[in-house]
Ligand SMILES: [Zn+2]
C-alpha cells in the first residue's frame, strides 16, 4: 500500500459577476430583474412592465428562477401581470426611456 495522498484540488472560482438582468421572453430585451424573497421569486421586466411571482425552493438562485420563469411563461402556466407605473422601482438603474426626437 503506497498510501498516496494526492488530493485533488478543486479550483473553485467565485463568479465575479452574477448577471442580474435577464432577457425578457415577451419583449426580448435584457431587462428582467429577479428578486427572491422568502421562497418567492419576483420577476419584473423593466421594459414591457411584465410582472410575475411564483414559489421557488430555497436553493434557487436568480438564474434558476429565471429558468423556471421561462418554462412557465412558455407553457402559459404563470400568471403574468403588468406593473403599474407607480409600482416600478427602477432598481436596475438603467432604464432606457424611449424619447422621441
Ligand atoms: Zn419585457
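The values are calculated or read from the model by the stated rules, or taken from the named source; none is laboratory data. All values reported here derive from a predicted model rather than from experimental measurement. Ideal geometry is used to build each Cβ from the backbone, glycine not excepted, and the neighbour counts take in all protein chains shown.
Things worth noting here:
- Enumeration of residues in region 41-62 that are farther than 14 Å from residue 80 by Cα, crowded, with 17+ Cβ neighbours inside 10 Å and more than 10 Å from the ligand (Cβ to nearest atom): 56, 60, 62
- Residue under evaluation residue 50, criteria (1) more than 19 Å from residue 26 (Cβ to Cβ); (2) at pLDDT 95 or above, criterion not met: (1)
- Residue satisfying all of: in region 63-77; free of Cβ contacts under 8 Å to residues at least 12 places away in the same chain and in a helix (DSSP H, G or I); surrounded by the fewest Cβ atoms within 10 Å (Cβ to Cβ) among these: 75
- Taken over region 22-53, the criterion of being touching a residue at least 12 places away in the same chain (Cβ under 8 Å) and part of a loop (DSSP other than H, G, I, E, B) is satisfied by 24, 25, 26, 27, 29, 31, 39, 46, 47, 48, 49.
- Evaluation of residue 65 against (1) closer than 19 Å to residue 79 by Cβ; (2) within 10 Å of the chain's Cα centre (by Cα); (3) within 10 Å of the ligand (Cβ to nearest atom) (one fails), failing number: (3)
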